[in-house]
Amino acid sequence: MATHEFVALTHSSTLRRLLYEALTALGLDPTHTYRQAYAGVALAAPLLEAREDHDNAPRFWQALEGITGDADIGLHLGEMMQPRPMDVVGYLLLAARDLRQGLQAFVRFQHILSGGFAARLEEEGEQVRLVIDLNYREVGSLRQQMECLAVLLMKMLAAASGELPLLGVDFRHRAPRRLGEHRRLLGVEPRFAQAHDALILPRALLARPSRSASPRLFEVLSEEAEKQLAGLVENQLLARVRYWLELNIGATTCTLQACAQALGSNRSALQRALSEQGSSFRLLHDEVRRLCALRLLDQGLSVREVARACGFAELSPFYRAFRRWQGGTPRGRG
């Protein structure tokens with residue numbers, strides 16, 4: 001089987017440009033803060049058209065509380081951010097006919113903002129959930145990033161459609177010790193340790209007209225967004241399925257159904273699309289397992305640890321798979 005390298009995900013520089021402004025507003029030197037967070041790792045300036053390595057972002061968010069001494073730094077950065085459009089997705093939110101169309105555009109073009117987004121809109125009863133999960137390889141949900149993003153998104157949606165009373169906010173990370181700032185800035189007390197990061201809104205708000213609606217501009221911007229999305233090599237189907245598999249192998253049961261749901265598709269449509277590209281979910285699953293096993297063995301993990309991390313419940317099927325992959329037995333410690 002041919003070897004495929006994983007395509008690195010990227011994100012736009014929009015959030016970092018907003019972060020520079022917010023850090024300055026909080027009295028922090030953004031350049032110095034970033035240098036401390038990245039500890040000497042070279043980082044390009046946040047240029048208008050530049051895209052950045054998505055999986056580098058955790059370095060900044062994990063270091064931020066220690067650098068600033070602020071346990072709620074994510075919330076405070078979101079508070080300082082000005083919700084102004086700085087990319088095609090931001091302008092689409094403003095030009096949309098109503099909140100529903102704006103949120104649908106956000107979900108459709110989410111990967112222009114970040115390749116790691118797994119956003120979707122869920123309508124049920126009188127509520128609607130905007131799931132805003134951001135995923136990274138080998139890193140769980142980042143508290144400071146998601147709390148900053150929740151405040152920023154709430155402000156951006158309110159800028160387009162008026163006052164936005166949240167019914168609730170869900171976070172995947174565990175609850176911090178104090179929640180006063182969460183209540184002040186979000187207007188509700190979030191639920192923590194949930195399955196997804198999400199904003200929960202009254203469904204009736206989806207029909208609220210945008211204060212800056214422009215159907216013709218929305219059409220033009222949608223065409224531009226489609227071009228930008230098509231230009232992202234990382235967003236091609238095989239790369240997207242591989243990335244989802246790498247995130248989930250060993251952590252949960254990886255099925256075609258679960259992958260399709262995560263990618264906003266359905267089982268038969270995803271199966272058909274992969275077949276049209278000369279592949280299948282089974283082949284990609286096998287490929288990702290193989291590359292994962294080789295990487296972990298190179299890192300010195302035991303064969304048993306590698307088998308478990310690759311989603312094998314027992315050693316014998318792992319050994320059989322490895323002989324099929326590499327023509328021999330795995331070499332690891334223990």
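What the table below lists for this structure:
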read-out	value
Those residues of the range 185-233 which are in contact with a His (Cβ under 8 Å, 6 or more places away or on another chain) and of a type in the set (Gly, Ala, Ser), in sequence order	ALA193
Any hit, the range 232-251, residues being outside the structural domain of ASP133 (by TED's automatic domain parsing), farther than 21 Å from ALA119 by Cα and surrounded by fewer than 19 Cβ atoms within 10 Å (Cβ to Cβ)	yes
Qualifying positions in the range 182-225 - assigned to a helix (DSSP H, G or I), out of contact with any helix residue (DSSP H, G or I) (no Cβ under 8 Å at 6 or more places or on another chain) and under 14 Å from VAL151 (Cα atoms)	ARG183, ARG184
Residue within the range 240-257 that is of a type in the set (Gly, Ala, Ser) and part of a helix (DSSP H, G or I) present	no
Candidate set from the range 189-219 (those that are aliphatic (A, V, I, L, M) and surrounded by fewer than 15 Cβ atoms within 10 Å (Cβ to Cβ)); member that is farthest from GLU124 (Cα to Cα)	ALA193
Among residues of the range 132-170, those that are modelled with pLDDT of 95 or more, assigned to a strand (DSSP E or B) and not acidic (Asp, Glu), counted	3
ARG178 being surrounded by fewer than 11 Cβ atoms within 10 Å (Cβ to Cβ) and closer than 23 Å to MET80 by Cβ	yes
ARG84 basic (Lys, Arg), surrounded by fewer than 17 Cβ atoms within 10 Å (Cβ to Cβ), closer than 21 Å to TYR34 by Cα and in contact with a helix residue (DSSP H, G or I) (Cβ under 8 Å, 6 or more places away or on another chain)	no
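The values are calculated or read from the model by the stated rules, or taken from the named source; none is laboratory data. Fair warning: this is a prediction, and the values are worked out from it, not measured in the lab. Glycine also receives a Cβ, built like all others from the backbone with ideal geometry; neighbour counts cover every protein chain displayed.
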